[in-house]
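J.: What follows is a single structure, and I will ask about it in a moment.
The values are calculated or read from the model by the stated rules, or taken from the named source; none is laboratory data. All of these numbers come straight from a predicted model, not from anything done at the bench. Cβ placement follows ideal geometry from the backbone for every residue including glycine, while neighbour counts extend to all protein chains displayed. Ligands, DNA and RNA are excluded from the accessible area calculation, which covers all protein heavy atoms including side chains. Shrake-Rupley method; radii C 1.70, N 1.55, O 1.52, S 1.80 Å.
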Amino acid sequence: MSTAKPAEAEEAKTPELVIISGMSGAGRSTAAKCLEDLGWFVVDNLPPALIPTMVDLGARSQGNVARIAAVVDVRGRRFFDNLKQSLTDLDAKEVTRRTVFLEASDEALVRRFESVRRPHPLQGDGRIVDGIEAERDLLRELRGDADLVIDTSSLNVHELRAKLDAQFAGDEEPELRATVMSFGYKYGLPVDADLVVDCRFLPNPHWVPELRPFTGLNEEVAGYVFNQPGAKEFLDRYAELLQLIAAGYRREGKRYVTVAVGCTGGKHRSVAMSERLARRLSDEGVETVVVHRDMGRE
C-alpha cells in the first residue's frame, strides 16, 4: 500500500464582496442584474447575518465563486440589526468588501412606486412618503459608510448600468475611481456628490448669442470659458487640491469619489470645466468617468 499523502487541496481564496443596498425603488434590482451580467455571483435579499457564511462558502469553492454581490434591503428588516456585526466579522477576516448605496429623491421614489401601483415595504397603513422617511432613517448610517453612492433620480436603466459597468467591469481594481459630474444649480445639488465645485464666478456663455445654442463640449464655448480671468488658475489649483484629497482617500481605503461641478444650468461652464478636470485626473492615474447630468435638459 502506498504511504504517499494525497495532494493538498487548493488553498481557499476569500472572494471579493460587494454589498448592494439603498432605497427601495432606487434601482437595486438593476444593479444586481448588472453585476450578474459581469460574472458576479449575486444573492438577492440575503439576511445580513448570513453574509459571512456566504463568503466562507465562496472561499471553499476552489475559485469558482471569486466575486459575490449581496443585495441587502429592508425586506429583511428583521435581520438588519445584524448587518453591523456581520461587517465587523468580515473586517476581522480581512475580506475585501465594498458597499454600493443607491439613492433617489423622494419625488422620484414616489413616482416610481405610483407607476407600478405597489406600496412601499415600510409604509404600513400610512402613505408612500411615510415609508420612504422610515427607510431613510433606517439606512442613514449605512449610506454614510458606503464606498459608492449613486443617485438614480435622473438616471434611466441604461445610464445606471453604464455607471456600474465603469466601476466593476475591469479585471484589475484601480487605486481610485472618480466620477466628474457637471450639473445645474437650478436643478438641485447631486445628492451623491463627495465634493462640489462652483463655476458660477465665471461669465456665462448663455449671454453670448452665438454661443448660447452650444454646450461646454463645443471648442468655442470651452475657449470662451477658459479665456476668462481666473478660469485656468482655478482649474490648476483645484486639480492640485484634488491630488491631495486623492492621496488621502487612498490612505483611508476610499476607492470612489464623485466630484460635482456646477453652474447655473449645467450646460456651458460646468461642462467645460468637468471635461478639463477629468482630463487632469486621468493624467494623474485616476480612472475617471464624466457624466453631464443636466446637459440638454433646458
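Residue-wise test of (1) modelled with pLDDT under 90; (2) polar (S, T, N, Q); (3) surrounded by 14 or more Cβ atoms within 10 Å (Cβ to Cβ).
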residue	(1), (2), (3)
A31	no, no, yes
L50	yes, no, yes
F80	yes, no, yes
D91	yes, no, no
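J.: Could you grab me the full set of residues in the stretch 1-28 that are at pLDDT 90 or above and more than 24 Å from T88 (Cα to Cα)?
T.: Of everything in the stretch 1-28, those that are at pLDDT 90 or above and more than 24 Å from T88 (Cα to Cα) turn out to be S24, G25, A26, G27.
J.: Now a separate question. In the stretch 56-70, is there at least one residue being farther than 20 Å from D145 by Cα and in contact with a Ser or Thr (Cβ under 8 Å, 6 or more places away or on another chain)?
T.: Within the stretch 56-70, one or more residues are farther than 20 Å from D145 by Cα and in contact with a Ser or Thr (Cβ under 8 Å, 6 or more places away or on another chain).
J.: Does S61 satisfy the condition of being part of a loop (DSSP other than H, G, I, E, B), of a type in the set (S, T, Y) and open to solvent by less than 60 Å² (accessible area, probe 1.4 Å)?
T.: Answer is yes for this residue.
J.: Hey, can you tell me all the residues within the stretch 240-293 that are buried (at least 19 other Cβ atoms within 10 Å of the Cβ), under 18 Å from the mean Cα position of the chain (by Cα) and in a loop (DSSP other than H, G, I, E, B)?
T.: V286, R293
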